[in-house]
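Here is the structure we will look at.
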Amino acid sequence: MILAILLLLVMAPPVPGQVKVTAAADSIAESLEVKAEDRILTTVPLFHSYGFDFGLLLAMRYGGTLFLEDEVAPNRVQKILREQEIGLLPATP
């Protein structure tokens with residue numbers, strides 16, 4: 001699955017599915033001012049829209065570093081934010 005997503009993000013010329021995927025990534029990145037040097041931490045599973053769109057998709061599209069954490073303990077997340085200098089933490093309300 002990740003290989004298929006990667007191919008959609010980098011293929012030229014664009015294919016119909018690529019336009020939607022890259023448009024979503026570009027829209028999110030523009031709103032959040034995402035750059036290649038950004039470090040993203042997601043505690044949301046990648047099958048969830050927040051984990052996929054705000055985590056995996058942004059990191060793959062812009063080359064940011066993605067940190068995956070399955071433990072949603074406040075102390076653990078705070079430690080990772082501080083130690084890894086995380087700039088984006090997508091989370092559900």
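Data overview
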{"read-out": "About the Cα centre, charge dipole magnitude for the stretch 39-93 (Lys/Arg +1, Asp/Glu -1 at Cβ), debye", "value": "120"}
{"read-out": "Alpha-carbon centroid distance for the pair the stretch 20-49 / the stretch 64-93, whole angstrom", "value": "14"}
{"read-out": "Whole-Å semi-axes of the ellipsoid equivalent to the stretch 32-93 (Cα gyration tensor, √5λ, descending)", "value": "17, 14, 8"}
{"read-out": "Net charge of neighbours whose Cβ lies under 11 Å from the Cβ of residue 28, counting Lys and Arg as +1 and Asp and Glu as -1", "value": "-3"}
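Every number in this text was worked out from the coordinates using simple rules, so none of it is lab data. Everything numeric in this text was worked out from a predicted model, so none of it was measured. Every residue, glycine as well, gets a Cβ built from its backbone with ideal geometry; the counts of neighbours run over all protein chains shown.
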